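The values are calculated or read from the model by the stated rules, or taken from the named source; none is laboratory data. Keep in mind the model is a prediction, meaning the values are calculated, not measured. Every residue, glycine as well, gets a Cβ built from its backbone with ideal geometry; the counts of neighbours run over all protein chains shown.
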Amino acid sequence: MPTLASNRKAFHDYSIEETIEAGLVLSGHEVKSIRGGQVSLAGAYVTIRAGEGWLRNAYIGKYKQASGLDGIDESRERKLLLNKKEILQLQDQMKSKGLTLIPLDIYTSKGRLKLKVGLARGKKQFDKRTSIKKKELKRSLDRTLRIRV
């Protein structure tokens, strides 16, 4: 299950409460460019509209070896493959708890591309500071343990 792209900024800006795996509806050249590393999830988000999940604002570059891709929009909406039950559950949690859906990773599973979607709550500035302090304390503790051993 190698990760092809990750949204590292999401873990800084949001606290992830739950994750769900979803498939992506892509064209052939988009699959090849994702496997080639021409993808960015920075600033991307997921919406639920008319009972379907949509990935918005994710950049998937044009495949360099393909021809005739001049009119292709690299940040178009892409449909997510989710069960009706999952969509209703996500929609309910978004409305009741005020959460948002954030794409976290694109990876392969059994030869297919999958998107890990996180149900997230936005962090305030002081939350970000405390999480940074915790990370720094953990790093320094790991360094001291590594030196002693």
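Could you grab me the full set of residues in the stretch 18-49 that are within 18 Å of ARG112 (Cβ to Cβ), among the polar types (S, T, N, Q) and in contact (Cβ under 8 Å) with a residue 40 or more places away in the chain?
THR19 - this is the single residue of the stretch 18-49 that is within 18 Å of ARG112 (Cβ to Cβ), among the polar types (S, T, N, Q) and in contact (Cβ under 8 Å) with a residue 40 or more places away in the chain.
Can you name the residue in the stretch 25-51 that is more than 15 Å from the chain's Cα centre (by Cα) and on the phi > 0 side of the Ramachandran plot and, of all such residues, is surrounded by the fewest Cβ atoms within 10 Å (Cβ to Cβ)?
ALA50
I need the full set of residues from the stretch 10-24 which are more than 12 Å from the chain's Cα centre (by Cα) and more than 20 Å from GLN91 (Cα to Cα), in order please.
HIS12, ASP13
Could you run through the stretch 98-125 and say how many residues are modelled with pLDDT under 85 and in a strand (DSSP E or B)? It would help to see each step written out before you state the result.
We begin by selecting, within the stretch 98-125, every residue modelled with pLDDT under 85; these are 98, 122-125.
Then drop every residue that is not in a strand (DSSP E or B), which leaves 122.
Counting residues in the stretch 98-125 that are modelled with pLDDT under 85 and in a strand (DSSP E or B) gives 1.
Which is in contact with a helix residue (DSSP H, G or I) (Cβ under 9 Å, 6 or more places away or on another chain) and surrounded by 15 or more Cβ atoms within 10 Å (Cβ to Cβ), of LEU82, LEU55?
After applying the criteria, what remains is LEU82.
Can you name the condition, by its number, that ARG146 falls short on among (1) in a helix (DSSP H, G or I); (2) under 19 Å from PHE11 (Cβ atoms); (3) modelled with pLDDT under 90?
Just one mismatch for ARG146, condition (2).
Please enumerate the residues belonging to the stretch 70-97 that are in a loop (DSSP other than H, G, I, E, B) and more than 20 Å from the chain's Cα centre (by Cα).
Residues satisfying the conditions are ASP70, GLY71, ILE72.
Does any residue of the stretch 97-109 turn out to be crowded, with 17+ Cβ neighbours inside 10 Å, free of Cβ contacts under 8 Å to residues at least 60 places away in the same chain and on the phi < 0 side of the Ramachandran plot?
Yes, there is a match, as at least one residue in the stretch 97-109 is crowded, with 17+ Cβ neighbours inside 10 Å, free of Cβ contacts under 8 Å to residues at least 60 places away in the same chain and on the phi < 0 side of the Ramachandran plot.
Restricting attention to the stretch 47-69, which residues are assigned to a strand (DSSP E or B) and either of a type outside the set (D, E, K, R) or modelled with pLDDT under 90 (or both)?
Those that are assigned to a strand (DSSP E or B) and either of a type outside the set (D, E, K, R) or modelled with pLDDT under 90 (or both): THR47, ILE48, GLY53, TRP54, LEU55, TYR59, ILE60.
Which condition does LYS128 not pass, out of (1) within 20 Å of GLU21 (Cα to Cα); (2) touching a residue at least 40 places away in the same chain (Cβ under 8 Å); (3) part of a helix (DSSP H, G or I), if it passes all the others?
So the condition that LYS128 fails would be (1).
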